[in-house]
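Written out below as structure tokens is the structure these notes cover.
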Amino acid sequence: MSRVALVTGGTRGIGAAISVGLKAAGYTVAANYAGNDEAAAAFKAETGVPVYKWDVSSYEACADGVRKVEADLGPIEVLVNNAGITRDVMFHKMTPQQWREVIDTNLSGLFNMTHPVWGGMRDRGFGRIVNISSINGQKGQMGQANYSAAKAGDLGFTKALAQEGAAKNITVNAICPGYIGTEMVRAIPEKVLNERIIPLIPVGRLGEPEEIARCVVFLASDEAGFITGSTISANGGQFFV
């Protein structure tokens, strides 16, 4: 029986590529999404991956969602915390709501999703947690004090939890993508992409969602069992740690 993998934000962009990559690698995949029913339905029809709707900023919704997935598919052994939002604005204009929304989804969402699966992983003596952070959690980004703080927090969460899970054969790792050619990034005006963004990337191009997915598939595998508390910086050489 194949291992069950749950991907949050798993029906669009990087998350969709991760869901597809894990399925191709032999996992039984469940893809969570928050709001776009049309996109989720199209993703399910195209890939055959079952989709589940809930908001990762709610602990109760996450606990209910985990119970539903496990009732349908079996114990969750791989969790990919990919769901994230942006509310970009310069700090002097940022509202408390814009701060809270990003922190609640991009940082508290990791607690809300991981806590309900953690006990089962400990009991079974196996687990893989992969947290999708960001280059901007490593270096910061103007207009993203909320997003950068949350994504930096994801890295601290990863390192702390890795120490707790190690003795139980649970690995916890992070991936920090740079500029990836998702629908959102490709919507940026071509002139801005070509003159202000791509010149900052030494490999000279945007990354592809599938390149992040391959990192996830590796970290989820048995072969990555000695890697925990680590961060893969998949950014084309734009930023080194």
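Here are a few things to note about the model shown:
- Looking across segment 177-197, just one residue is hydrophobic (A, V, I, L, M, F, W, C), touching a Gly at 6+ places or on another chain (Cβ under 7 Å) and not in a strand (DSSP E or B), and that is Met184.
- Residues (without any contact (Cβ under 8 Å) to a residue 60 or more places away in the chain, within 29 Å of Gly74 (Cα to Cα), over 18 Å from the mean Cα position of the chain (by Cα) and in a helix (DSSP H, G or I)) located in segment 143-176: Glu164, Ala167, Lys168
Residues are listed down the side, and each one gets a yes or a no for (1) touching a strand residue (DSSP E or B) at 6+ places or on another chain (Cβ under 6 Å); (2) among the basic types (Lys, Arg); (3) outside any loop (DSSP other than H, G, I, E, B):
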site: Asp64; (1), (2), (3): no, no, yes
site: Ile85; (1), (2), (3): no, no, no
site: Arg100; (1), (2), (3): no, yes, yes
site: Phe111; (1), (2), (3): no, no, yes
site: Gln138; (1), (2), (3): yes, no, yes
site: Gln141; (1), (2), (3): no, no, no
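Computed from the coordinates by the stated procedures, all read-outs in this text should not be read as laboratory data. Computed from a predicted model, the values in this text were never measured in an experiment. As a convention, Cβ positions derive from the backbone with ideal geometry for all residues, glycine included, and neighbour counts pool all protein chains shown.
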